[in-house]
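Sharing a structure with you now.
The values are calculated or read from the model by the stated rules, or taken from the named source; none is laboratory data. The model shown is predicted, which means the values in this text are computed figures rather than measured ones. Every residue, glycine among them, receives a Cβ derived from its backbone with ideal geometry; neighbour counts consider all protein chains shown. The accessibility values were calculated without ligands, DNA or RNA, using every heavy atom of the protein model including side chains. Shrake-Rupley method; radii C 1.70, N 1.55, O 1.52, S 1.80 Å.
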Amino acid sequence: MVNLKDYAPFTGLLIFGNIENLVLASQGAVAHVNPIILGLLSLIAVVAWLLVGTYGTKIAIKYADYIEILGGLAIIILGLQSMLEAFGIL
């Protein structure tokens, strides 16, 4: 049985990762990417991360603090990149 307390250290990544997914999806919509292809690729990515998260949590729980820092850094970098591209700087 899965205990939700096991996932508590990853709550921040879950919330901000979903926000970043929305940002990336909006970039795809602005770039006129085929929405069906974009949706399928997003679904594949979500299922892959679900499997990794479900089976990798017990292994990764020892490294939760490091994962949180690296994940947060990645989210910030991707967010900055998308904003710079939106303003035409990149």
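Cα convex hull of the range 1-45: mean projected area in nm², to one decimal?
Projected over every direction and averaged, the Cα hull of the range 1-45 covers 3.9 nm².
Would you mind getting me the FRET efficiency between I15 and A60? Use the beta-carbon distance for r and R0 = 22 Å, nearest 0.05.
Rounded to the nearest 0.05, the efficiency is 0.80.
In addition: State to the nearest 20 debye the size of the charge dipole of the chain about its Cα centre, where the only charges are +1 on K and R beta carbons and -1 on D and E beta carbons.
With Lys and Arg at +1 and Asp and Glu at -1, about 220 debye.
Right, here's the next one. Looking only at the range 43-77, which residues have a backbone nitrogen under 15 Å from a spot 7 Å from the Cα of L24 in the C-beta direction?
Only 43-53, 71-77 pass the distance filter.
Per residue, how many Å² of accessible area does the chain show with a 1.4 Å probe?
80
Can you send over the carbon and sulfur percentage of the accessible area for the range 42-90, probe radius 1.4 Å, protein chains only?
78
Give a residue-ordered list of calculated ³J(HN,Hα) values for the range 51-61 (Karplus: 6.51 cos²θ - 1.76 cosθ + 1.60, θ = phi - 60°; whole Hz; x for Gly, Pro).
Result, ordered by residue: 5, 4, x, 5, 8, x, 4, 4, 6, 7, 4 Hz.
Given (i) 14, 30, 26, 16, 10, 3, 1; (ii) 14, 48, 33, 6, 0; (iii) 14, 41, 31, 13, 1, which label gives P(r) over Cα pairs in 10 Å bins from 0, in percent as computed from the coordinates?
(iii)
When ranked by the protection proxy of mean other Cβ atoms within 10 Å per residue, highest first, what sequence do the peptides 72-80, 32-40 form?
Ranked by mean Cβ neighbours within 10 Å, highest first: 72-80, 32-40.
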